[in-house]
Amino acid sequence: MRIDVITAFPPLFEGPLSESIVKRAREGGYVEIVIHDLRAYAHDKHRTLDDTPYGGGAGMILKPEPIFECVEALQAERSYDEVILTTPAGEVYDQRLCKQLSLHENLIILCGHYKGVDQRVIDALVTREISIGDYVLTGGELAAAVIIDSVVRLIPGVIGDGESLLSDSFMEGELDCPYYTRPPEFRGMRVPDELLSGDHKRVEAWRRRESSRMTRERRPDLLEGSGGARAKTSPRSGDGPRAKDKE
Ligand code: 6GU
């Protein structure tokens with residue numbers, strides 16, 4: 001998979017894409033991530049990227065010319081499955097959309113910034129607008145990093161058996177259960193007996209029970225509709241129907 005990111009603030013990506021699993025995925029050749037500095041496509045003396053909105057009002061709008069040039073230069077090299085714009089006005093991102101994106105070969109992510117982007121960019125170039133939730137960020141860069149992180153870990157081979165995707169929270173439409181590691185007792189707080197029992201069936205039953213309890217208490221919305229009934233009966237690490245998988 002290849003992901004091209006177009007941004008006015010390349011340094012914002014230095015940390016999140018250079019550590020841990022994403023770093024390993026890049027080094028292992030599972031994903032190629034290329035950050036493009038939008039300013040390199042601004043040709044006027046001041047390398048202007050934004051301008052005031054027609055009709056007046058506060059805030060600046062990203063100009064169309066540098067974005068068109070950058071996207072078209074990339075599209076001349078290869079074809080892209082999606083040109084994504086990160087914007088609070090987009091479709092709200094979730095694990096279903098994440099899985100869909102992870103199946104693609106080439107993605108462009110254009111980071112929205114300032115007050116917005118000239119509508120002609122959206123009309124002519126963008127195939128998908130994505131928001132990562134109902135709150136406002138100063139720009140689309142952190143949202144792009146969130147999308148990339150969540151997509152890269154789904155690329156086959158990126159996550160090993162030891163960090164199995166099968167036990168992910170959301171895999172079965174329920175929250176994950178609590179976990180403990182050694183020591184068995186710490187400052188008077190004991191690890192539940194079921195987990196220390198060495199009895200695989202008892203451990204699984206405890207985990208299923210705790211997952212259901214946590215989901216009911218914290219995220220009853222995940223149990224609504226037909227998915228909820230399925231989620232309760234589907235095995236934790238099986239491959240049966242999953243509440244969150246709607247595709
Ligand atoms: Cl994608 N961009 C901005 N600026 N704010 C957001 C967002 C995106 N998603 C949630 N809030």
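Quick notes on this one:
- Electrostatic bookkeeping for Pro192 treats Lys and Arg as +1 and Asp and Glu as -1; over the other residues with beta carbon under 11 Å from its beta carbon, the sum is +1.
- Full extension of the segment from Val203 to Phe186, taken as 0.36 nm per residue of separation minus the current Cα-Cα distance, would add 4.1 nm.
- Projected label points at Leu196 and Tyr54, each 7 Å from Cα along the beta carbon direction, are separated by 7.2 nanometres.
- Fraction of antiparallel bridges per DSSP, region 1-122 only, in percent to nearest 5: 10
- For region 82-96, backbone phi angles converted through the Karplus equation (6.51, -1.76, 1.60; θ = phi - 60°) give residue-by-residue couplings of 8, 10, 9, 10, 8, 7, x, 8, x, 4, 6, 5, 8, 5, 5 Hz, Gly and Pro being listed as x.
- Measuring nothing but protein heavy atoms, the accessible surface of the chain at 1.4 Å probe radius is 51 percent carbon and sulfur.
- For Ser131, the residues whose amide H sits under 5 Å from its own are Thr87, Gly90, Glu91, Val92, Tyr93, ignoring neighbours fewer than 5 places away on the same chain, with H placed 1.01 Å from N.
- Only one residue of Leu62, Leu38, Ile3 has its Cα farthest out toward the positive end of the dipole of the chain, where Lys and Arg carry +1 and Asp and Glu -1 on Cβ, and that residue is Ile3.
- Residue-normalised accessible area of region 5-152, expressed per residue, 1.4 Å probe, Å²: 51
- Taken one residue at a time, the phi angles of region 117-134 give Karplus couplings (6.51, -1.76, 1.60, θ = phi - 60°) of 10, 3, 4, 5, 5, 5, 5, 9, 10, 7, 9, 7, 10, 10, 10, 9, x, 8 Hz. Gly and Pro are set to x.
- Note: relative contact order over the chain, using C-alpha pairs below 8 Å and six or more positions apart, is 19 percent.
- Whole-Hz Karplus values for region 17-28 come out as 9, 10, 9, 6, 5, 5, 4, 4, 5, 5, 5, x Hz, taken residue by residue from phi with 6.51 cos²θ - 1.76 cosθ + 1.60 and θ = phi - 60°; glycine and proline positions read x.
- Global form of the chain, assessed from the alpha-carbon gyration tensor, a/c cut-off 1.5: prolate
- Rg over Rh, two decimals, region 173-223 (C-alpha only, Kirkwood Rh): 1.04
- Sequence-distant residues sharing a close amide H with Asp118 (under 5 Å, placed H): Leu62
- Helix-only [θ]222 nm of the chain, DSSP H runs n ≥ 4, -39500 (n - 2.57) each, per residue, nearest 500: -9000 deg cm²/dmol
- In this calculation the C-beta distance from Gln100 to Glu72 is compared with R0 = 25 Å, giving a FRET efficiency of 0.50.
The values are calculated or read from the model by the stated rules, or taken from the named source; none is laboratory data. Everything quoted here is computed from the prediction, not taken from an experiment. In this analysis, Cβ positions are derived from the backbone assuming ideal geometry, glycine residues included, and neighbour counts consider all displayed protein chains. To get the accessible areas, we keep the full protein, side chains included, count just its heavy atoms, and leave off ligands, DNA and RNA. Shrake-Rupley method; radii C 1.70, N 1.55, O 1.52, S 1.80 Å.
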